[in-house]
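Presented below is the structure to which this report refers.
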Amino acid sequence: MRKLLNILPLVFVLMVSVLGSAQVSYVNRAFEAYKKGEIAIACTYSDSSVMEVGSPSDPQTWLIRGFVYYDKFTKLDKMSRDAESRDVAEEAFSKILELDTAGNFTEKANKGLYNIAVSYNNEAARSMNDKDYHLAGESFDNFRRLMKIARPNVDLRAKNIEFYNSLGFILHATYNSDKKGQAELWDKAIDAYSKTLEIDSLNVDANYEIGILYYNKGVDLLLSIPEDGSMEVIFDTQDKTVVLFLKSRPYMVKAHQLDPKNIDILTGLEGIDYELNQPEKVEMWRKKKKELQESNE
């Protein structure tokens with residue numbers, strides 16, 4: 001039920017003519033070095049072409065700079081998260097959109113920004129692990145920010161759902177590995193799945209996972225009651241668990257409505273209604289599970 005982000009492919013096609021601007025010496029040298037694969041030298045020449053006049057008004061100068069620094073980011077900097085070359089490339093492509101009133105280079109600039117956006121998406125996907133999950137949000141925000149510029153008509157709802165469900169999964173798994181030490185991740189997992197439901201209230205995975213988070217929290221509380229605990233402590237804890245089970249149930253019911261043949265969901269509903277002391281409903285879920293299991297044999 002849990003999906004990780006798909007890694008988008010990197011596609012970068014260079015279509016650019018020899019320049020005829022005021023900074024032709026440095027710009028052409030940058031372009032020639034770039035064609036030879038001498039990226040570091042091309043960057044030096046590109047820096048000189050910009051420094052020569054402060055902020056060139058020629059879109060082609062910025063186009064070459066964007067291509068050169070994007071290649072530095074991918075080939076020399078190995079797509080490092082902290083590489084300044086990516087920021088320089090983004091600045092250059094964005095400058096084209098500002099200067100190119102005739103629209104001659106807009107398509108190429110948007111293609112450059114799109115590829116940078118893809119790099120952020122890939123980065124977010126690589127961050128979906130128990131060590132780097134806290135970095136995923138920033139990378140994904142940058143992906144969405146640039147996609148709105150480069151591909152303003154693209155619907156990102158499916159991609160957002162995929163991201164938030166993936167983030168919720170890794171947060172939930174990391175929380176389960178150390179519930180006391182990572183207690184704050186329970187709330188963050190709920191928040192991630194809730195963002196999915198804000199986009200699509202009928203998302204099965206998000207409904208099920210939120211239901212499980214609340215249910216397991218209630219079970220953990222019950223198990224935490226000390227054997228020699230006072231009646232006051234016992235009753236107070238039980239009251240808190242009932243609240244959690246009641247919060248869990250609507251999400252699990254919705255998940256069942258959306259996926260009625262899912263054994264895991266039926267098991268979750270059986271457990272919730274058992275804890276809520278609803279024997280008739282428990283029997284109903286057990287019967288449904290048995291019928292489903294027999295039909296699958």
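Quick check for me: using +1 on Lys/Arg Cβ and -1 on Asp/Glu Cβ, what's the dipole size of the chain about its Cα centre, in debye to the nearest 20?
Numbers: 38 positive and 46 negative charges, 199 e Å.
Its charge dipole is roughly 960 debye.
What accessible area, in Å² to the nearest ten, does a 1.4 Å probe give for Val282?
10 Å²
Could you rank Asp205, Asp132 by how accessible they are, 1.4 Å probe, largest area first? Please report the intermediate quantities before stating the final value.
Values: Asp205 30, Asp132 55 Å².
Descending order: Asp132, Asp205.
Given a Förster distance of 51 angstrom, what is the FRET efficiency for Ala40 paired with Ile263, based on the Cβ-Cβ distance and rounded to 0.05? Don't skip to the end; give the middle numbers.
Details: r = 58 Å, r/R0 = 1.13.
Plugging the Cβ-Cβ distance into 1/(1 + (r/R0)^6) gives 0.30.
Taking the dipole about the Cα centre of the stretch 83-140, with the C-beta of Lys and Arg at +1 and of Asp and Glu at -1, give me whichever of Ser119, Gly137, Leu99 is farthest to the positive side.
Ser119
Can you give me the accessible area per residue for the stretch 75-141, using a 1.4 Å probe, in Å²?
Per residue, the stretch 75-141 has 48 Å² of solvent-accessible surface.
Between the DSSP loop rule and a limit of at most 12 other Cβ atoms within 10 Å, which trypsin sites (Lys or Arg not before Pro) in the stretch 57-91 are left? Don't skip to the end; give the middle numbers.
Working: sites: Arg65, Lys72, Lys75, Lys78, Arg81, Arg86; in loops: Lys78, Arg81.
When the trypsin sites (Lys or Arg not before Pro) of the stretch 57-91 are filtered for loop state and at most 12 Cβ neighbours within 10 Å, Lys78 remain.
May I ask for the distance between the Cα centers of the stretch 29-52 and the stretch 229-297, given as a whole number of Å?
Value for the Cα centre distance between the two parts: 65 Å.
Can you work out the accessible area per residue across the stretch 155-297, with the rest of the protein chains kept in place, probe 1.4 Å, in square angstrom? Spell out each step's value before the answer.
Working: 8000 Å² over 143 residues.
Accessible area per residue, the stretch 155-297: 56 Å².
Say we join alpha carbon atoms closer than 10 Å with springs in a Gaussian network model of the chain; which of Lys287, Lys195, Lys95 then has the biggest fluctuation?
Its mean-square fluctuation being the largest, the pick is Lys287.
Across every pair of different alpha-carbon atoms, what Kirkwood hydrodynamic radius in Å does the stretch 22-140 reach?
The answer is 14.8 Å.
Give Lys195/Lys240; Lys159/Lys195; Lys95/Lys148; Lys35/Lys148; Lys72/Lys111 a once-over and call out the pairs whose C-alpha atoms are over 21 Å from each other.
Numbers: Lys195/Lys240 25 Å; Lys159/Lys195 12 Å; Lys95/Lys148 16 Å; Lys35/Lys148 30 Å; Lys72/Lys111 17 Å.
Going by Cα-Cα distance, Lys195/Lys240; Lys35/Lys148 fall outside the 21 Å limit.
On the protein heavy atoms, probe 1.4 angstrom, tell me the percent of accessible surface of the chain carried by carbon and sulfur. List each step's numbers first, then the result.
Details: 7980 of 15790 Å².
Taking all protein chains in place, the chain shows 51 percent carbon and sulfur surface.
Can you give the FRET efficiency for Phe235 and Asn176, using 1/(1 + (r/R0)^6), R0 = 41 Å, r = Cβ-Cβ distance, to the nearest 0.05?
Details: r = 28 Å, r/R0 = 0.68.
It comes out at approximately 0.90.
Considering the alpha-carbon set of the stretch 88-184 alone, what are its Rg and its Dmax in angstrom?
Calculated on Cα positions, Rg and Dmax stand at 16.9, 60 Å.
Given the options Ser55, Ser46, Ser94, state which has the largest fluctuation in a GNM of the chain using a 10 Å cut-off (strictly under) for Cα springs.
Highest fluctuation of the listed residues: Ser55.
Which translational diffusion coefficient, to the nearest whole µm²/s, is obtained for the chain from the Stokes-Einstein equation, given a Kirkwood hydrodynamic radius over C-alpha pairs, 25 °C and 0.890 mPa s? Mind dumping the intermediate values first?
Values: Rh = 22.8 Å.
Diffusion coefficient, whole number: 108 µm²/s.
Once you have the Cα-Cα distance between Ser224 and Glu297, take 0.36 nm times their residue separation minus that, and quote the gain in nm to one decimal. Don't skip to the end; give the middle numbers.
Working: separation 73, 0.36 × 73 = 26.28 nm, distance 3.88 nm.
Stretched fully, the Ser224-Glu297 segment lengthens by 22.4 nm.
The values are calculated or read from the model by the stated rules, or taken from the named source; none is laboratory data. Treat the numbers as computed from the prediction; the structure is a model and nothing was measured. Ideal geometry is used to build each Cβ from the backbone, glycine not excepted, and the neighbour counts take in all protein chains shown. Heads up: the accessible areas ignore ligands, DNA and RNA and are worked out on the full protein's heavy atoms, side chains in. Shrake-Rupley method; radii C 1.70, N 1.55, O 1.52, S 1.80 Å.
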